[in-house]
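One structure below.
The values are calculated or read from the model by the stated rules, or taken from the named source; none is laboratory data. Every value quoted in this text rests on a predicted model; they were computed, and no experiment measured them. Neighbour counts are summed over all protein chains in view; Cβ atoms, including those assigned to glycine, are modelled from backbone coordinates with ideal geometry. Each accessible area value is taken on the protein alone, full model and side chains, heavy atoms only, with ligands, DNA and RNA left out. Shrake-Rupley method; radii C 1.70, N 1.55, O 1.52, S 1.80 Å.
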Amino acid sequence: KAGVTQTPRYLIKTRGQQVTLSCSPISGHRSVSWYQQTPGQGLQFLFEYFSETQRNKGNFPGRFSGRQFSNSRSEMNVSTLELGDSALYLCASTETGTGVEKLFFGSGTQLSVL
Amino acid sequence: AQSVAQPEDQVNVAEGNPLTVKCTYSVSGNPYLFWYVQYPNRGLQFLLKYITGDNLVKGSYGFEAEFNKSQTSFHLKKPSALVSDSALYFCAVRDMFGSGTYKYIFGTGTRLKVLA
């Protein structure tokens with residue numbers, strides 16, 4: 001099976017712009033979660049989707065949003081970018097989303113906001 | 001709320017020596033604990049997990065972790081370090097919501113450097 005695929009791999013944007021990141025989970029996986037990784041902060045949970053429904057959301061402003069499609073692919077959107085949004089954005093998938101399975105991570109999208 | 005702490009930003013160890021990467025947790029109820037490793041320019045890879053059962057958990061690449069309830073710790077260990085083990089290691093705990101849904105809380109990471 002193909003692994004979790006995230007596109008694009010790198011993005012450079014300027015303040016005020018918006019950006020959309022894409023994540024294709026492993027085939028058959030229905031749960032997709034998103035994390036923001038910054039040096040010193042570790043991974044911060046953004047949100048989790050299961051069967052097209054957002055089940056949980058982390059403590060991020062409303063500028064961060066996401067969705068999941070019927071084929072389990074997910075997108076996250078960040079509007080009105082700020083310098084502090086520069087980070088590695090990781091998505092992860094699991095088969096049943098029960099919380100006892102291991103997460104399968106993509107390689108991430110490195111976002112730089114100038 | 002659940003949390004994990006990784007008290008060391010970096011651990012240096014000589015190749016062939018045993019290594020330990022520390023993790024402590026704070027949870028209500030039974031903890032579900034995980035270790036992941038991140039190599040440069042890659043996403044995280046699962047190493048091992050503790051759900052219940054034996055306190056010594058064996059995982060990928062020769063790693064193991066010891067769950068210690070009295071010390072609320074879940075340290076990652078390997079008897080003999082390899083240079084290729086050099087990477088960023090994350091401890092994580094599952095945090096359940098009242099709705100029955102969950103999220104994972106990750107530590108800030110520990111950079112392991114194995115010296116030849």
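Find the relative contact order for region A:53-92 and round it to a whole percent, using C-alpha pairs within less than 8 Å whose residues are 6+ positions apart. Walk me through the intermediate numbers first.
Values: 23 pairs, mean separation 11.7, N = 40.
The normalised contact order for region A:53-92 reaches 29 percent.
Shape call for region B:64-106 from the C-alpha gyration tensor, a ≥ b ≥ c root eigenvalues: rounded (a/c under 1.5), prolate (a/b greater than b/c) or oblate? Could you put the intermediate results ahead of the total?
Values: a/c = 4.39, a/b = 1.84, b/c = 2.39.
Oblate shape, in that a/c is at least 1.5 and b/c is the bigger or equal ratio.
What does a probe at A:THR5 reach in region A:25-51, counting residues whose amide N is under 15 Å from the point 7 Å along Cα→Cβ? Only A:25-29 pass the distance filter.
Estimated at 0.36 nm per residue, the fully extended path between B:ASP54 and B:VAL83 surpasses their Cα-Cα distance by 7.5 nm.
Using a probe of 1.4 angstrom and keeping all protein chains present, the accessible surface of region A:1-112 works out to 45 square angstrom per residue. With each label modelled as a point 7 angstrom along the Cα→C-beta vector, the A:GLN18-B:ASN17 pair spans 5.3 nm.
Among the lysines of the protein assembly as shown, pairs that are 8 or more positions apart or on different chains and have alpha carbons within less than 21 Å of each other number 27. Taking all protein chains into account, the per residue accessible area for chain B stands at 48 Å² (1.4 Å probe). Each residue of region A:46-114 gets 98 Å³ once the volume of the Cα convex hull is shared out per residue. For chain B, the carbon plus sulfur part of the accessible surface works out to 48%, probe radius 1.4 Å.
For the pair B and A, how large is the buried accessible area, both sides, in square angstrom to the nearest 100, if the probe is 1.4 Å?
Values: alone 6420 and 6100 Å², together 10660 Å².
Answer for the B-A pair: about 1900 Å² buried.
Normalised by residue count, region B:1-70 yields a Cα convex hull volume of 128 Å³ per residue.
Can you give the local net charge around B:VAL21? Use residues other than it whose beta-carbon is closer than 12 angstrom to its beta-carbon, Lys and Arg +1, Asp and Glu -1. Don't skip to the answer; put the middle values down first.
Values: positive: B:LYS22, B:LYS77, B:LYS78, B:ARG111, B:LYS113; negative: B:GLU8, B:ASP9, B:GLU64, B:GLU66, B:ASP85.
Its environment carries a net charge of 0.
Excluding A:TYR49 itself, calculate the net charge of residues whose Cβ lies under 11 Å from the Cβ of A:TYR49, where each Lys or Arg counts +1 and each Asp or Glu counts -1.
Once all neighbours under 11 Å are counted, the net charge is +2.
Computed over the protein assembly as shown, the percent of Cα pairs more than 26 Å apart is 37.
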